[in-house]
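Some notes on the structure that comes next.
The values are calculated or read from the model by the stated rules, or taken from the named source; none is laboratory data. For clarity, every value in this text was computed on a predicted model and none was experimentally measured. Cβ placement follows ideal geometry from the backbone for every residue including glycine, while neighbour counts extend to all protein chains displayed.
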Amino acid sequence: MNKDYWNKPAMGLWERLYIFEVIRGLCITGSVFFGNMWKWLTLRKGALTAYYPEEVRSDYSPNNRGRHVLTQRENGEVQCVSCNMCATVCPAYCIEILSTANFDDVFHPKAPERFEIDYSRCIFCGFCVEACPEDAIRMIKDIPDFPAFDRDTMCAPLDLLLNWRPTRDPAKVYPTQPQNGEVHPWAA
Amino acid sequence: MIQDLLIHLVFMGYAIAFMLGLATLFTWVERKQSAIMADRIGANRCYIRIPFTDIKLVAWGLFHGIADGAKMLLKENFTPTTYDRFCYNLAPWLAAVPVLLVFAVIPFGGTLVPGNLLDIVPFPHLAQPLKDFFGARSYQMQVARLDAGILVVLAISGVGIIGTILAGWSSNNKFSLLGAARAASQMISYEISMGLALISLVVTYGTLDLNEMVRYQSGILYGALPTWGIFMQPLAFLLFLTAAIAENKRVPFDLPECESELVAGYFTEYSAMKMGLFMLSEFIEIVVVSALLVTLFLGGYNLPWLTDAGFAFPNGATWAMPQPAVVLLQVLTFTVKVVLAGCFQIQIRWSLPRFRYDQLMRFGWKFLLPLAALNLVATVFVRWMNL
Ligand code: SF4
Ligand code: SF4
């Protein structure tokens, strides 16, 4: 019994003869093959895919921000005051902060001793940047370079976050530093 | 006697190395060609590190074949609880061995005169004992010289299907059984058209001996074209190509093992090197089918105007070549042709979508078979009228 299908293919005699359509298909794939092969042979790249991780793909959006940097104060110390807001807001729970205290620096008594972002889990949402009250964490137009066989090795530690880019962010407007003689209320 | 044995052992070694080497090469070609066709780079992660250095030899991913083999050899050889362990273990061999055997009758070069081959040795007095040893014996470059070569090809390649059926039946799995049933019916449907296409070829050449067929193809047609099978019998070429791909169970005829429906078809339950043997036999079959195509339709080891003595151009000019050079050229021609034919098969495999099962059967019985029969009738008629 022949059933009528609603999406019956509408094929003319030409398509039904099959062989000519086969030849056409072979010509299409063949032309792609020889085109790409010619590019390879003339030492150009004949593929659309990137050779990850050796190559950076060319079609990242110019707005893509894929690396975190921790900004620094003018004297080179971490701007972060270890308030844990970024770690709290992070939807992927991938920021780990271990604080240390330095009560001599009364303006910034708390600073991170360890600050790690686990790039095997980060979803690059940028919430951490939004949440930071100190403008201490930013994202730059780059991608993290962490292909590894082991996800334990995909964490970015503090010094890496500080040194991915030149230590100071040139776009940064630094908050005014305490002038000589100015005294923090606590110390008064 | 000893000389014959020696030479044939060399031929056998060459044939096996030829098949296995090209099969391994084709696994790489398949990956790379499909990748380039699809704008990709293709497998290139395998490398060999040069000892004591940091230099990694990637060689365009050529080592992936070795890695595949090593992986398959080292994997766990899982055996399902089946009701017939003997058949289960026998099946991969039955699938792989006939494929290897077919190559025995295929001539991969012209006439070899070992005595003449030694002419190029720089010190004649050193080569003299060997020359005396071989005398004036000449050999066809072929493992087994059989009068009924083409029948042997059909007979032995038909045996290969038993391995498939046995594998599907003995692994106690519905997917395997379905794949085996499909393979069996597909083989029956396409072997007939293949046989008819070959008969029309036999009618054209007037011989069953593959060697004679190749020799026939060294002629010149209408002063320009070589008398290759593809020019004498273009329709038979298409029919044979189609039927051969169907026999090889590759896309677009890969219904016995189609991944999207039957997991892996008849070898679903096989693992490790048993599965590897099925895969390898599939790639060896590409080599063998290409070799058959080349032998039957593309002039075998012939280059146009090349004879055993050198080139003889149609305008009367000749260019004599020493025997070793001719032998080398013929073997090389055959190899290059086989590689190109294999690449063409891979191109087909990555271009066409798979048939539906009823389409496959309709195509085989209602299209290919009448066409092959018509072709045969036309050929016989032409031969009979001596046109
Ligand atoms: S970008 Fe989003 S996911 Fe990544 S660390 Fe910041 S808040 Fe977490
Ligand atoms: S980076 Fe910003 S939000 Fe995160 S702990 Fe440091 S100061 Fe707080």
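You will find that of A:A111, A:A101, A:A131, A:A47, the residue that is surrounded by 13 or more Cβ atoms within 10 Å (Cβ to Cβ) and either free of Cβ contacts under 8 Å to residues at least 24 places away in the same chain or within 14 Å of chain B (Cβ to nearest Cβ) (or both) is A:A47 and no other. Can you say whether A:W38 is within 11 Å of chain B (Cβ to nearest Cβ) and either touching a helix residue (DSSP H, G or I) at 6+ places or on another chain (Cβ under 9 Å) or within 19 Å of B:W60 (Cα to Cα) (or both), as far as the supplied structure shows? The answer is yes for A:W38.
Every residue, every condition in (1) under 21 Å from the mean Cα position of the chain (by Cα); (2) away from ligand 1 (no atom under 16 Å from the Cβ), yes or no:
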| position | (1), (2) |
| --- | --- |
| A:N7 | no, yes |
| A:G25 | no, yes |
| A:G30 | no, yes |
| A:L41 | no, yes |
| A:A50 | yes, yes |
| A:P53 | yes, yes |
| A:R65 | yes, no |
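Going residue by residue through the stretch B:321-339, is there one that turns out to be within 14 Å of chain A (Cβ to nearest Cβ), in a helix (DSSP H, G or I) and touching a residue at least 60 places away in the same chain (Cβ under 8 Å)? Checked against the condition, which is being within 14 Å of chain A (Cβ to nearest Cβ), in a helix (DSSP H, G or I) and touching a residue at least 60 places away in the same chain (Cβ under 8 Å), the stretch B:321-339 yields no hits at all. Residue check: is A:A87 more than 12 Å from ligand 2 (Cβ to nearest atom) and more than 14 Å from chain B (Cβ to nearest Cβ)? Taking the combined requirement at face value, the residue does not satisfy it. Annotation note: Cβ proximity below 7 Å between a residue of the stretch A:10-34 that is at the interface with chain B (Cβ under 9 Å from one of its Cβ atoms) and a residue that is small (G, A, S) (sequence gap 6+ or interchain) occurs for A:G25/B:S351; A:L26/B:S351; A:T29/B:S351.
Residues in the stretch B:28-37 include none that are free of Cβ contacts under 8 Å to residues at least 12 places away in the same chain and farther than 21 Å from A:G46 by Cβ.
Answer with yes or no whether B:P252 is within 14 Å of chain A (Cβ to nearest Cβ) and either under 29 Å from B:L371 (Cβ atoms) or surrounded by fewer than 23 Cβ atoms within 10 Å (Cβ to Cβ) (or both). Judged against the criteria, B:P252 is a match.
Being in contact with a Ser or Thr (Cβ under 8 Å, 6 or more places away or on another chain) and basic (K, R) is the filter here; which residues of the stretch B:8-59 pass it? Of everything in the stretch B:8-59, just one residue is in contact with a Ser or Thr (Cβ under 8 Å, 6 or more places away or on another chain) and basic (K, R), namely B:R40.
Filtering A:D152, A:D135, A:D118 for residues that are more than 10 Å from ligand 1 (Cβ to nearest atom), within 20 Å of A:N84 (Cβ to Cβ) and of a type in the set (D, E) leaves a single hit, A:D135. All of B:T295, B:T204, B:T242 fail the test of being buried (at least 18 other Cβ atoms within 10 Å of the Cβ) and over 21 Å from the mean Cα position of the chain (by Cα), apart from B:T204.
Here A:V69 meets each of (1) within 14 Å of chain B (Cβ to nearest Cβ); (2) within 14 Å of ligand 2 (Cβ to nearest atom); (3) not small (G, A, S) with one exception, condition (1). When B:N302 is tested against the conditions (1) buried (at least 19 other Cβ atoms within 10 Å of the Cβ); (2) among the polar types (S, T, N, Q); (3) modelled with pLDDT of 80 or more, the lone failure is (3). As a summary of the residue check, B:L376 satisfies the conditions (1) out of contact with any helix residue (DSSP H, G or I) (no Cβ under 7 Å at 6 or more places or on another chain); (2) part of a helix (DSSP H, G or I) except for the one numbered (1). You will find that of A:T100, A:T88, A:T176, the residue that is out of contact with any Cys (no Cβ under 9 Å at 6 or more places or on another chain), of a type in the set (V, I, T) and at pLDDT below 80 is A:T176 and no other. Within the stretch B:66-80, the residues that satisfy the criterion of being surrounded by 12 or more Cβ atoms within 10 Å (Cβ to Cβ) and not in a helix (DSSP H, G or I) are B:K75, B:N77, B:T79, B:P80.
Answer yes or no as to whether B:L208 is at pLDDT 80 or above and either more than 21 Å from B:T379 (Cα to Cα) or aromatic (F, W, Y) (or both). Considered against the rule, which asks whether it is at pLDDT 80 or above and either more than 21 Å from B:T379 (Cα to Cα) or aromatic (F, W, Y) (or both), B:L208 comes out as no.
Sub-7 Å Cβ pairs linking a first residue in the stretch A:57-82 that is assigned to a loop (DSSP other than H, G, I, E, B) to a second residue that is of a type in the set (F, W, Y) and at pLDDT 80 or above, at least 6 apart or interchain, are A:G66/A:F124; A:C80/A:F115, ordered by first then second residue.
Among the residues making up the stretch A:85-144, those that are in a loop (DSSP other than H, G, I, E, B) and charged (D, E, K, R) are A:D104, A:D105, A:R121, A:E134, A:D135, A:K141, A:D142.
Among the conditions (1) assigned to a loop (DSSP other than H, G, I, E, B); (2) at pLDDT below 80, the only one that B:N116 does not satisfy is (1).
Just to be sure, is A:G76 surrounded by 14 or more Cβ atoms within 10 Å (Cβ to Cβ) and either within 14 Å of another protein chain (Cβ to nearest Cβ) or not aliphatic (A, V, I, L, M) (or both)? For A:G76, the condition - surrounded by 14 or more Cβ atoms within 10 Å (Cβ to Cβ) and either within 14 Å of another protein chain (Cβ to nearest Cβ) or not aliphatic (A, V, I, L, M) (or both) - is not met.
To keep it simple, each residue is scored yes or no on (1) surrounded by fewer than 22 Cβ atoms within 10 Å (Cβ to Cβ); (2) farther than 18 Å from B:F253 by Cβ.
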{"position": "B:L130", "(1), (2)": "yes, yes"}
{"position": "B:F133", "(1), (2)": "yes, yes"}
{"position": "B:Y139", "(1), (2)": "yes, yes"}
{"position": "B:R145", "(1), (2)": "yes, yes"}
{"position": "B:A148", "(1), (2)": "yes, yes"}
{"position": "B:I156", "(1), (2)": "yes, yes"}
{"position": "B:I161", "(1), (2)": "no, no"}
{"position": "B:L178", "(1), (2)": "yes, no"}
{"position": "B:S185", "(1), (2)": "yes, no"}
